[in-house]
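Following: one structure in structure tokens, then a few remarks.
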């Protein structure tokens, strides 16, 4: 699959608002490409945080139609929402895993009521679930172990006590062991990944003594795509595909970039050109007069600002794409507008489309480009810009 956009023609702007366009076909294509790399067990899809800003319901439905049978969300409430969304589309048999765990008896009750696979990281969480479950057979749960992120999960020094606590809850059955890689997207950090894998396998061996059929999941998008190199000793496992599903290449800008080149972008964000005007030398632009024209220039006013997820941090260093050309942001980004230099785009005019993300030609703005200008990562860009009105 070539790494190119497959979006329809640019939209009209009857409301004058930024618009986030999602290609569900590209999400499906990315899933099929990634799933074909699974060696044994099929991967699961991570659609937490409203599917990284791409839309929980639409993304879930297209993934289920493409054959995905396990979906991971963030909170328990998001899991309940997703279960309800799938109830009328043949998704009753889909497993839903709320990755943030069981934080209260209410969460435990929601997991039981809505057939969600609860994740437990502590004896307290396991107790919540045990108290909520009164079925005839043990309830399956997922277990999280901390291996190097210093986040959720039982620690190495807690392992024996934690396993003992789990065994005391006779109505629970651990079916999946989870952990998360901290630096799989950096080809120079093999040692970090290897150390995490070793800790994970140690915990896995301890869990298998009592639950021999427990499955395991360690690899995120980067770890899954480069599993032959990064995780050669890991037995049959379930990859967790998140960022790559949406066309993000976890190895962009590294020597392993080619591994993610077949992935297709699933999001582009556009905003209207609200006006095009001339500047004379010495004129200033936007709040604070932080930019002064050094020559005669032509500028465009773009209908998007920090209220639309186009960060104020892009002031004076961001770019948009207009008519295939890269146009730099001048001065400060405002709440719902910003100004760009279109001196080099002679045909730029009112009513044009400015691409905050995406576009055609050499001026196309990639998630990596925007992340560099913004000083963040593409994940945050997707989540922020995905909050605009979406079309599919």
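A compact table of results
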| quantity | calculated |
| --- | --- |
| Any hit, the stretch 292-302, residues being closer than 12 Å to residue 222 by Cα and out of contact with any strand residue (DSSP E or B) (no Cβ under 8 Å at 6 or more places or on another chain) | no |
| Residue in the stretch 218-259 that is nearest to the chain's Cα centre (by Cα), counting only those that are within 12 Å of residue 186 (Cβ to Cβ) and in a helix (DSSP H, G or I) | 222 |
| All positions within the stretch 339-392 that are within 19 Å of the chain's Cα centre (by Cα), in a loop (DSSP other than H, G, I, E, B) and at negative phi | 366, 376, 377, 386, 387, 388, 389, 392 |
| Residue identified as buried (at least 17 other Cβ atoms within 10 Å of the Cβ), assigned by TED's automatic domain parsing to the domain that holds residue 140, within 27 Å of residue 257 (Cβ to Cβ) and out of contact with any strand residue (DSSP E or B) (no Cβ under 6 Å at 6 or more places or on another chain) among 191, 195, 219 | 219 |
| Candidates 137, 130, filtered to the one that is part of a helix (DSSP H, G or I), modelled with pLDDT of 95 or more, under 20 Å from residue 171 (Cβ atoms) and out of contact with any helix residue (DSSP H, G or I) (no Cβ under 8 Å at 6 or more places or on another chain) | 130 |
| Hits in the stretch 162-177 - residues which are touching a residue at least 24 places away in the same chain (Cβ under 8 Å) and over 30 Å from the mean Cα position of the chain (by Cα) | 162, 163, 165, 166, 167, 169, 170, 171, 172 |
| Conditions (1) touching a residue at least 24 places away in the same chain (Cβ under 8 Å); (2) assigned to a strand (DSSP E or B): number failed by residue 328 | (1) |
| Lone qualifier among 311, 349 - being over 29 Å from residue 56 (Cα atoms), outside the structural domain of residue 46 (by TED's automatic domain parsing) and in contact (Cβ under 8 Å) with a residue 60 or more places away in the chain | 349 |
| Of residues in the stretch 105-127 being assigned to a loop (DSSP other than H, G, I, E, B) and touching a helix residue (DSSP H, G or I) at 6+ places or on another chain (Cβ under 8 Å), the one surrounded by the fewest Cβ atoms within 10 Å (Cβ to Cβ) | 115 |
| Flag if residue 307 is in a helix (DSSP H, G or I), under 24 Å from residue 53 (Cα atoms) and out of contact with any helix residue (DSSP H, G or I) (no Cβ under 6 Å at 6 or more places or on another chain) | yes |
| Residue in the stretch 155-173 that is closer than 20 Å to residue 74 by Cα and in the same structural domain as residue 75 (by TED's automatic domain parsing) present | no |
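Results for (1) surrounded by fewer than 18 Cβ atoms within 10 Å (Cβ to Cβ); (2) farther than 14 Å from residue 318 by Cβ, shown as yes or no for each residue.
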| position | (1), (2) |
| --- | --- |
| 338 | no, no |
| 353 | no, yes |
| 360 | yes, yes |
| 365 | no, no |
| 374 | no, no |
| 385 | no, no |
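Residue-by-condition table, conditions (1) buried (at least 20 other Cβ atoms within 10 Å of the Cβ); (2) at pLDDT below 95:
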| residue | (1), (2) |
| --- | --- |
| 4 | no, yes |
| 8 | no, yes |
| 13 | no, yes |
| 39 | no, yes |
| 72 | yes, no |
| 89 | no, yes |
| 103 | no, no |
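This table checks each residue for (1) within 14 Å of residue 207 (Cβ to Cβ); (2) surrounded by 16 or more Cβ atoms within 10 Å (Cβ to Cβ); (3) out of contact with any helix residue (DSSP H, G or I) (no Cβ under 7 Å at 6 or more places or on another chain); (4) modelled with pLDDT of 95 or more.
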{"residue": "144", "(1), (2), (3), (4)": "yes, yes, yes, yes"}
{"residue": "147", "(1), (2), (3), (4)": "yes, yes, no, yes"}
{"residue": "155", "(1), (2), (3), (4)": "no, no, yes, yes"}
{"residue": "160", "(1), (2), (3), (4)": "yes, no, yes, yes"}
{"residue": "172", "(1), (2), (3), (4)": "yes, yes, no, yes"}
{"residue": "175", "(1), (2), (3), (4)": "yes, yes, yes, yes"}
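The values are calculated or read from the model by the stated rules, or taken from the named source; none is laboratory data. Because the structure is a prediction, the values reported are computed rather than measured. Cβ sites come from the backbone with ideal geometry, for glycine too, and all protein chains shown count toward neighbours.
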